[in-house]
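The values are calculated or read from the model by the stated rules, or taken from the named source; none is laboratory data. None of these values were measured; they are calculated from a predicted model. A quick note on method: Cβ atoms are made from the backbone with ideal geometry, for glycine too, and the neighbour counts reach across all protein chains shown. These area figures cover heavy atoms from the full protein model, side chains too; ligands, DNA and RNA do not enter into them. Shrake-Rupley method; radii C 1.70, N 1.55, O 1.52, S 1.80 Å.
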Amino acid sequence: VKLRFTADQPVILHLHGYDIEKEINPDAVGEISFDAYATGRFSIQTHVPKRGSTGHAHGPPLVRIEVHPR
């Protein structure tokens with residue numbers, strides 16, 4: 001699977017279930033590529049700074065990927 005993204009500001013996207021993170025910059029098309037080996041429904045969310053501490057939290061889902069068994 002190959003997914004392409006554009007953004008108007010730098011952002012880190014996280015594909016849950018496959019544990020893929022990708023930094024997307026506004027000056028280029030970003031791409032997440034993966035072999036769809038795990039079945040289920042997986043969300044792609046942004047990483048956002050955690051309030052009052054270090055680390056990150058997740059923004060609302062941008063898209064959900066659904067993988068069905070063959």
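Observations on the model:
- Cβ-Cβ under 6 Å pairs, at least 6 apart or on other chains, the range 56-70 side free of Cβ contacts under 8 Å to residues at least 24 places away in the same chain, far side open to solvent by 100 Å² or more (accessible area, probe 1.4 Å) and assigned to a strand (DSSP E or B): ARG64/ARG41
- Selection of the range 53-68 for residues being at pLDDT 90 or above and open to solvent by 50 Å² or more (accessible area, probe 1.4 Å) yields PRO61, LEU62, VAL63, ARG64, GLU66, HIS68.
- First in the range 1-18 and in contact (Cβ under 8 Å) with a residue 12 or more places away in the chain and more than 13 Å from HIS47 (Cβ to Cβ), second anywhere and surrounded by 16 or more Cβ atoms within 10 Å (Cβ to Cβ) and β-branched (Val, Ile, Thr), Cβ under 6 Å, 6 or more apart: LEU3/ILE32; PHE5/ILE24
Matching residues to (1) open to solvent by 100 Å² or more (accessible area, probe 1.4 Å); (2) out of contact with any helix residue (DSSP H, G or I) (no Cβ under 6 Å at 6 or more places or on another chain); (3) at pLDDT below 90; (4) not in a strand (DSSP E or B):
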{"residue": "ALA7", "(1), (2), (3), (4)": "no, yes, no, yes"}
{"residue": "LEU13", "(1), (2), (3), (4)": "no, yes, no, no"}
{"residue": "GLU23", "(1), (2), (3), (4)": "yes, yes, no, no"}
{"residue": "GLU31", "(1), (2), (3), (4)": "no, yes, no, no"}
{"residue": "SER43", "(1), (2), (3), (4)": "no, yes, no, no"}
{"residue": "ARG51", "(1), (2), (3), (4)": "yes, yes, yes, yes"}
